[in-house]
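Quick notes on the structure that follows.
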Amino acid sequence: MPATYKNMKMVRRSRVMWGSWRIWKPRAVFWLGAIAVGLISVAFAKAADWAQHVFSATTSSGEWAFLLPLIITPLGFVICAWLALVVFPNSGGSGIPQAIAARHFHHDEDRSRLLSIKLAVGKIVLTVVGLMSGASIGREGPTVQVGASIMLLAARVGGMAQARGLILAGSAAGIAAAFNTPLAGVVFAIEEMSRSYQSRANGLVLTAVILSGLASLGLVGSYTYFGTSTVMMQTGKDWSLVLICGIGGGFLGAIFSAGALRASQRIRRWAHTVPLKRMLIVAAVCGLASAIIGVLSGGATFGTGYEQARAAVEGEPAPMLFFAEKLMTTFLAMLSGIPGGIFAPSLSVGAGFGSTVSSLLGSSIALGAILGMAGYFAGVVQAPMTAFVIILEMTGNHDGVIAIMAASMLGYLTSRMISPEPLYHGLSRVFIAQGIRARRASEAEHHESDAQAEPGARSGAGSNGLTPK
């Protein structure tokens, strides 16, 4: 009797422990996934910086080295485009449209075409290769696809059902870790990715951002992306700067956004008959054009544009036409189909535009750069809250809060009047349509195989004498 009672007690205890593990396993996997997003984002940032350094060193060591981009950049574009089409399909472009599209699907198979560890690896490698080729791309958008892929894997391993919420959490964690902007990661997830507030999903977002942010802080410490700025509005001329940077930046952002959507659509139609060959031709042409602009600008338009943007935020004026040249090279990189984001290049374009406006008005270069970033970035992504928060966190400028908010809102309103469809959501429609076609083809193939199997089953039954007479 005592032995039986002891055995029952042990069984009861093991059941409690097993039940606890079943409860804690999803949480543990989710936490590890969020930490992994932070660690990988930091490693991605280091690799991207190294790639830009390699390109800069290669094209500046020698009398004729400045002409090397005319060979390196088109070749790099073609290699990246080929790998993105053949080896890592659906890895091209920013990565944010893929994450948005994946949230619309209900089947794990459909999501896996857009978010997977293989695609995450390809996204990182090809973005680094693109930067090593001088492409005007950033790593922040790709980090969103990488983060969403990692969290989707965590959902499978942990047996969690909230795939849509975890994609959102991974996207937010990627932005937060990439820029060291935790608030911007949360706002980006709510405003741009989901376009709604969901209390349950946002709990996942907050947790993921905190854990990925802690992992990032543990490796690189606390920092502001563009340093710390204390410039503020002082004169009436400064308020005119808000209007010009907000409206002008929104106009330029709308032109970029609408132009990218329309040009991408036309390129897809033109390349439909022979997709691989024609897309590689597009990549080569875009790469060569980017190289020519880069050489003519003295190398200023190659890479993310971080150095130029930071210099402008610190008060050093950018070349007068830098913003137009950088906008063109970013536009070409986007059309080429190579993996790479537009966050950092867009901030660089905005900073250059604000610097030019400030120089013409005789106002503060640093203030103009910050307001230009706010207006242009809000115009491109049409997410004013994200623009305002991300620039506030990246510059640490709390004295100019109202001015940055005003420029962001003006940029957003101007862009909406010119280009009603947001860029990332417009691009996501392509991936949604591809997913629907793939789903229908898979179901048709499944029905066809079932139909072919039925006659065989009947004939087999008749040969065994099982067919009723």
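The values are calculated or read from the model by the stated rules, or taken from the named source; none is laboratory data. In this text the structure is predicted, and so the values were computed from the model without any measurement. No Cβ is skipped: glycine too gets one built from the backbone with ideal geometry, and neighbour counts run over all protein chains shown. Quick note on the areas: whole protein, heavy atoms, side chains included, nothing else; ligands and nucleic acids left out. Shrake-Rupley method; radii C 1.70, N 1.55, O 1.52, S 1.80 Å.
Points worth noting:
- Exposure ranking of L252, L367 by accessible area [1.4 Å probe, largest first]: L252, L367
- Close amide H pairs (under 5 Å, H built 1.01 Å from N) link S94 with G340, residues at least 5 positions away or on another chain.
- For the range 313-437, the alpha-carbon radius of gyration amounts to 1.12 times the rule-of-thumb value 2.2 N^0.38 Å expected for a compact globular protein.
- Available extension along the chain between W239 and I402 is 57.6 nm, counting 0.36 nm per residue and deducting the alpha carbon span.
- Counting heavy atoms of the protein chains alone, S61 has an accessible area of about 80 Å² for a 1.4 Å probe.
- From the C-alpha gyration tensor of the range 282-361, square roots of 5λ in Å: 23, 12, 10
- Kirkwood Rh in Å, taken over the range 79-144 so that all alpha-carbon pairs contribute: 12.0
- Members of K277/K326; K46/K277; K46/K118 lying beyond 23 Å, as alpha-carbon distances in this model show: K277/K326; K46/K277
- Each of S61 and A433 was given a label point 7 Å from its Cα along the Cα-to-Cβ line. The distance between the two points is 4.7 nm.
- Nearest 10 degrees, 0 to 90: helix 140-158 Cα axis against the chain principal axis: 20
- Between H53 and L296, the simple spin-label model (points 7 angstrom out along Cα→Cβ) gives 3.2 nm.
- Using alpha carbons only, the radius of gyration of the range 239-380 set against its Kirkwood radius gives Rg/Rh = 1.03.
- Kirkwood hydrodynamic radius of the chain, from inverse mean 1/r over distinct Cα pairs, in Å: 23.5
- Projecting the Cα positions of A258, V187, A120 onto the charge dipole of the chain (unit charges on Cβ atoms of Lys, Arg, Asp and Glu, taken about the Cα centre) puts A120 furthest along the positive direction.
- Per residue, the chain reaches -26000 deg cm²/dmol at 222 nm when only DSSP H runs of four or more residues are counted, each adding -39500 (n - 2.57).
- Couplings for the range 420-427, taken from phi via the Karplus curve 6.51 cos²θ - 1.76 cosθ + 1.60 with θ = phi - 60°, read x, 8, x, 4, 5, 6, x, 5 Hz in order; Gly and Pro are left as x.
- The calculated FRET efficiency for the pair L214 and E307, based on their C-beta separation and a Förster distance of 22 Å, comes to about 0.20.
- Taking the square roots of 5 times each eigenvalue of the Cα gyration tensor of the range 77-200, largest first, gives ellipsoid semi-axes of 24, 17, 11 Å.
- Hydrodynamic analysis of the range 250-313 uses the Kirkwood radius over alpha carbon pairs. Inserted into Stokes-Einstein at 4 °C and 1.567 mPa s, it gives a translational diffusion coefficient of 92 µm²/s.
- Principal-axis tilt of helix 343-361 within the chain, Cα atoms, nearest 10 degrees: 20
- Here's the list of aspartates and glutamates a cross-link from K123 could span, going by alpha-carbon distance under 15 Å and ignoring same-chain residues fewer than 8 apart: E140.
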